[in-house]
């Protein structure tokens, strides 16, 4: 399809698939749009803006987020829009914003990536906690040191996030268990120490 249609012409096909009402056709629209990544520009972002509020599952949110990530590499000003997305109440927006991190990992844009993760590290939504773990795990494949430092600074991160990222850090798993045991010592009879 990419050979037959230039990106601007493909937008019409994307819309037909997107508004078909069928999940598989919507997924095909996003998947095919991803094939055009070398042609992305500001117009691609403008084209996607009205679609963001129509996303209706986590997979769509993640795939569109990854596309936005690729666009933001070419147009860094788009990062301001990503910051706005991550502050939105609806979980799909937050999922999109965090998924932007995946393409940015290749560019080692650590400052922006960690800014996004930290803003949602303690999100109550388990799906977001899981995504944070996946992002951190992928970062650790490029830079274990930066992830280890992040984990040490945020040892109280949600268990789901910690479980995913700590597979590569067995020593930190032990450390977290010890910390939990130490914390429990002050619960229950720990107050007796204060009375003596």
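Figures for the structure shown
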{"quantity": "Among (i) 1, 6, 11, 12, 12, 11, 12, 11, 9, 6, 4, 2, 1, 0; (ii) 1, 7, 15, 16, 16, 13, 10, 7, 5, 3, 2, 2, 1, 1, 0, 0, 0; (iii) 1, 8, 16, 20, 19, 13, 10, 6, 4, 2, 1, 0, the entry that matches P(r) over Cα pairs in 5 Å bins from 0, in percent as calculated here", "calculated": "(ii)"}
{"quantity": "Rounded to 10°, Cα long-axis angle of helix 42-52 versus longest principal axis of the chain", "calculated": "70"}
{"quantity": "Residues residue 74 and residue 153, FRET efficiency given R0 of 30 Å [Cβ-Cβ distance, rounded to 0.05]", "calculated": "0.40"}
{"quantity": "Angle in degrees between helix 58-74 and the longest Cα principal axis of the chain, rounded to the nearest 10", "calculated": "80"}
{"quantity": "Estimated inter-spin distance, residue 171 and residue 90, nm [label 7 Å along Cα→Cβ]", "calculated": "4.5"}
{"quantity": "Full-stretch length increase - residue 12, residue 83 - with 0.36 nm per residue and alpha-carbon distance subtracted", "calculated": "22.7 nm"}
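Each value in this text was obtained by applying a stated rule to the coordinates, not by laboratory testing. All figures in this text were calculated on a predicted structure; none of them were measured in a lab. Reconstructed Cβ throughout: ideal geometry from the backbone, glycine too, with neighbour counts over all protein chains shown.
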